[in-house]
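The values are calculated or read from the model by the stated rules, or taken from the named source; none is laboratory data. As the structure is a computational prediction, the values presented were derived from the model and not from experiment. Quick reminder, even Gly has a Cβ in these numbers, built from the backbone with ideal geometry, and neighbours come from all protein chains shown.
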Amino acid sequence: MRIVAAMSGGVDSAVAAARMLDAGYDVVGVHLALSQSAATLRESARGCCTIEDAGDARRVADRLGIPFYVWDMADRFREDVMEDFVAEYAAGRTPNPCLRCNERIKFAALLDKALALGFDGVATGHYAQIVEGPDGRELHRAVDPAKDQSYVLGVLTADQLARAHFPLGDTTKPQIREEAAARGFSVAKKPDSHDICFIADGDTKGWLTKRLGEQPGDIVDTEGDVVGRHEGAYAYTVGQRRGLGLKVPREDHAKRYVVEVQPERNTVVVGTAELLGVDHIEGADARWCGALPEGESTFGAQVRAHGEEIPCRAWRDGEGVQVHLERRIRGVAPGQSVVLYGGTRVVGSATIRQVGRIGAPG
């Protein structure tokens with residue numbers, strides 16, 4: 001079986017490629033060039049897709065004795081991930097670019113190209129497990145809870161899952177680094193990239209401002225009184241507390257959070273923490289990597305990449321899903337994703353469009 005191993009230049013994808021080769025697959029390493037102006041060196045551990053990363057991936061491929069190619073997907077990444085990211089923030093929502101990248105790049109553009117070239121699937125260094133179930137392949141959490149990436153893979157459909165391979169899911173990160181060192185990989189101690197890979201300095205507000213420009217407006221409290229000014233409502237997200245610059249007594253600053261972003265009015269609404277608690281989620285554009293039973297069922301819901309799992313009741317609603325959480329949680333924002341679990345198994349995901357309160361405070 002011929003497999004494309006997506007090689008980012010990091011330790012995880014290096015070991016993933018090696019393990020696929022050990023398992024008897026015919027492996028070809030592919031590095032995705034996602035930046036239209038790739039830097040020579042990383043600016044920080046946040047960044048990726050530099051020329052240095054491509055070189056690291058190539059050296060691992062050479063050590064493994066497998067063919068290696070660089071596939072230019074910068075235009076697709078810009079359109080499907082970066083421009084989507086800007087548009088979502090401009091609309092007052094909080095997107096997760098890692099989910100979007102998995103959905104539209106790694107398991108759409110990359111997988112589609114691999115299949116067109118005669119390959120049978122794609123392997124990545126994600127920490128998740130695939131289990132052969134009675135109804136086909138199932139996506140499950142990794143054994144290492146600190147590294148589990150099943151949440152950002154919740155966008156995969158059953159067809160995409162059938163072509164995906166995650167050979168690291170049964171191993172912890174320290175063990176992966178030890179294995180990389182034993183294999184003689186120079187990336188064994190290389191820092192992980194994290195957060196938003198295309199914002200290397202971590203300044204999301206500054207990055208958005210360069211693309212959307214300054215759009216001054218009011219910060220108001222829940223009574224509509226102006227308590228501050230902002231340079232762009234797009235730079236705020238529900239649950240944010242730091243950097244609000246409010247014109248209220250200093251002792252009140254820590255008590256105010258962003259509770260709503262109103263892009264149509266270019267207004268940010270702040271309030272107290274109890275207003276952040278929600279227990280109802282309406283999700284749109286649902287994607288299922290497991291069959292959702294008819295009617296109402298019990299699941300676990302996760303709304304952040306490394307957030308806690310909350311017991312819930314959920315059911316299909318046309319192309320979306322309705323989710324009632326067992327208790328309220330804070331800081332859930334439109335644009336994020338809710339991923340549903342049945343035990344360790346990922347059932348599916350949806351993009352959060354609305355949130356609300358139906359029960360007693362949790």
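Residue 166 passes every criterion in (1) in contact (Cβ under 8 Å) with a residue 24 or more places away in the chain; (2) out of contact with any Cys (no Cβ under 6 Å at 6 or more places or on another chain); (3) within 18 Å of residue 304 (Cα to Cα); (4) not basic (Lys, Arg) apart from (3).
All told, residue 314 meets the bar of being outside the structural domain of residue 96 (by TED's automatic domain parsing) and without any contact (Cβ under 8 Å) to a residue 40 or more places away in the chain. Residue 183 fulfils the conditions (1) farther than 30 Å from residue 269 by Cβ; (2) in contact with a Pro (Cβ under 7 Å, 6 or more places away or on another chain); (3) not small (Gly, Ala, Ser) except for a single criterion, (2).
Mind checking which strands (runs of 3 or more DSSP E) fall wholly inside the range 238-328 and carry at least 3 residues that are crowded, with 18+ Cβ neighbours inside 10 Å and among the hydrophobic types (A, V, I, L, M, F, W, C)?
Values: elements: 257-262, 267-271, 278-288, 297-302, 310-317.
Answer list for the range 238-328: 257-262, 267-271, 278-288, 310-317.
Among the residues of the range 1-49, those identified as over 15 Å from residue 60 (Cβ atoms), buried (at least 19 other Cβ atoms within 10 Å of the Cβ) and at pLDDT 95 or above are 3, 25.
Whenever a residue of the range 150-162 is surrounded by fewer than 24 Cβ atoms within 10 Å (Cβ to Cβ), its partners that are of a type in the set (D, E, K, R) and at pLDDT below 95, lying with C-beta atoms within less than 7 angstrom and at least six residues away or across chains, give the pairs 157/287; 161/137; 162/137. The helices (runs of 4 or more DSSP H) found entirely in the range 64-168 that carry 1 or more residues being within 30 Å of residue 210 (Cα to Cα) are 74-77, 83-90, 97-101, 110-116.
For residue 171, indicate whether it is outside any helix (DSSP H, G or I), free of Cβ contacts under 8 Å to residues at least 60 places away in the same chain and surrounded by 15 or more Cβ atoms within 10 Å (Cβ to Cβ).
Working: outside any helix (DSSP H, G or I): yes; free of Cβ contacts under 8 Å to residues at least 60 places away in the same chain: yes; surrounded by 15 or more Cβ atoms within 10 Å (Cβ to Cβ): yes.
Against the criterion (outside any helix (DSSP H, G or I), free of Cβ contacts under 8 Å to residues at least 60 places away in the same chain and surrounded by 15 or more Cβ atoms within 10 Å (Cβ to Cβ)), residue 171 qualifies.
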